1. For region 310-329, what are the residues that are among the β-branched types (V, I, T) and touching a helix residue (DSSP H, G or I) at 6+ places or on another chain (Cβ under 6 Å)?
2. Checking L293 against (1) more than 17 Å from R35 (Cβ to Cβ); (2) in contact (Cβ under 8 Å) with a residue 40 or more places away in the chain, which test does it fail?
3. Being outside any loop (DSSP other than H, G, I, E, B), under 19 Å from F79 (Cβ atoms) and open to solvent by 40 Å² or more (accessible area, probe 1.4 Å) is the filter here, so list the residues in region 319-341 that pass it.
4. Can you tell me which residue within region 1-15, out of those that are assigned to a loop (DSSP other than H, G, I, E, B) and surrounded by 13 or more Cβ atoms within 10 Å (Cβ to Cβ), is modelled with the highest pLDDT?
5. Of everything in region 183-236 that's surrounded by fewer than 19 Cβ atoms within 10 Å (Cβ to Cβ) and acidic (D, E), which residue is nearest to Y93 (Cα to Cα)?
6. Please find, within region 301-318, the residue that is farthest from the chain's Cα centre (by Cα) out of those that are closer than 15 Å to L26 by Cα and surrounded by 15 or more Cβ atoms within 10 Å (Cβ to Cβ).
7. Checking the conditions here, which among K69, K77 is surrounded by fewer than 17 Cβ atoms within 10 Å (Cβ to Cβ) and either within 28 Å of V329 (Cα to Cα) or within 22 Å of the chain's Cα centre (by Cα) (or both)?
8. Every residue in region 244-254 that is without any contact (Cβ under 8 Å) to a residue 40 or more places away in the chain, over 17 Å from Q233 (Cα atoms) and open to solvent by less than 20 Å² (accessible area, probe 1.4 Å), please.
Amino acid sequence: MTLYPCLNDPGLIAARDAWFGKLQSLFDGTYREPRAFVLNGVLAHGKSDSYTHPEQWVDECLADIAENKANAIRNDKKFVPVCVEFGPYGVHYIDKILGAEVFFQDGQWYNRYLTTPIGELPEPDLDNNETFQLSIRAAKRFAEVGGAFPLYGLPTIASTLNIAVNLYGQEILVEMLADPDNARRDLETINRTLIRIHEAFRAILPKEQLQPVISWARTQPPGYGQLCGCTTQLLSGELYRDMIADLDEDLLNVYEHGGMIHLCGSHAQHIGTFRNMKSLKALQLNDRASEDLQLYFDGLRDDQMIYLCPCEGMTIEQAMKITGGRRLVICAGIEGEIPLK
């Protein structure tokens with residue numbers, strides 16, 4: 001059943017898949033287009049309370065696409081994926097699943113640290129977890145009625161280190177140094193939970209439509225995953241390599257092609273480790289991380305892509321001078337095209 005027949009329109013699907021093909025060629029090193037690859041999608045909106053009526057909210061998002069946004073994909077200058085994304089509790093979605101108190105204040109979600117000792121974190125019962133099941137209801141509704149055209153973005157499943165710092169604050173960083181075996185117990189518990197959650201969504205959503213979080217601006221070809229590396233800026237290169245990198249690889253390996261790590265701070269101390277992670281196929285840079293584009297472009301493998309959000313410290317012009325458009329996805333709402341010289 002499809003609520004809106006236009007969301008099965010062969011022309012829309014072909015236009016989307018043609019852009020996926022170009023993006024895959026960039027990943028494969030066979031991109032031959034005369035212009036730089038620019039990505040800037042659109043996100044559907046629903047009016048209902050998604051926390052109480054997720055199915056209705058999904059239906060409203062699909063109506064928004066059918067009535068207003070589907071034809072955005074018909075663009076020959078840049079990739080404009082059209083997406084539904086249900087992201088309950090923002091970056092604290094996993095925290096709530098793992099038992100943290102999560103609350104909304106001043107326009108965003110926060111959580112309070114766990115008071116239980118590090119090393120004793122229990123794995124959640126996902127079958128009976130209200131937060132997880134809420135997000136599953138939305139995904140199932142999309143799979144049932146969403147048609148074959150729109151993309152569906154996952155909640156913020158984040159990463160083991162991000163979640164551990166959300167749950168324990170600086171104490172988990174101290175424990176990684178003072179008692180690494182104890183810290184590792186909780187890190188592994190978190191990572192197993194993240195893997196189970198990714199696998200649950202993969203069992204529901206078509207591969208061609210499933211995208212990790214920020215689906216409209218970090219869009220990858222089908223079969224690629226993503227994790228958030230924000231908090232890696234707090235670690236030395238050695239500590240990330242020895243305590244976290246293998247967990248991140250395990251998470252990316254849920255997807256047949258590996259995937260992306262999002263970065264938004266000062267993470268260049270990890271470039272050597274990133275280069276050696278076989279499952280790591282792309283890094284997404286924004287804000288402070290974008291300013292280090294030269295370091296990433298020079299230090300990563302030739303088959304590792306860079307998704308760049310331009311900023312004052314790294315303009316499109318600077319990025320093109322550094323990369324020549326090679327291995328580069330420009331994530332920006334620009335008009336026109338950027339020729340490759």
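1. Within region 310-329, I322, T323 meet the criteria.
2. Single failed check for L293: (2).
3. P339
4. The selected residue is D9.
5. E199
6. Q304
7. Going through K69, K77 in turn, just one is surrounded by fewer than 17 Cβ atoms within 10 Å (Cβ to Cβ) and either within 28 Å of V329 (Cα to Cα) or within 22 Å of the chain's Cα centre (by Cα) (or both): K77.
8. Scanning region 244-254 gives a single hit, L252.
The values are calculated or read from the model by the stated rules, or taken from the named source; none is laboratory data. In this text, all values refer to a predicted model and were calculated from it rather than measured experimentally. Here the Cβ is made from the backbone with ideal geometry for all residues, glycine too, and neighbour counts use every protein chain on show. Surface areas here come from the heavy atoms of the whole protein model, side chains and all, with no ligands, DNA or RNA. Shrake-Rupley method; radii C 1.70, N 1.55, O 1.52, S 1.80 Å.
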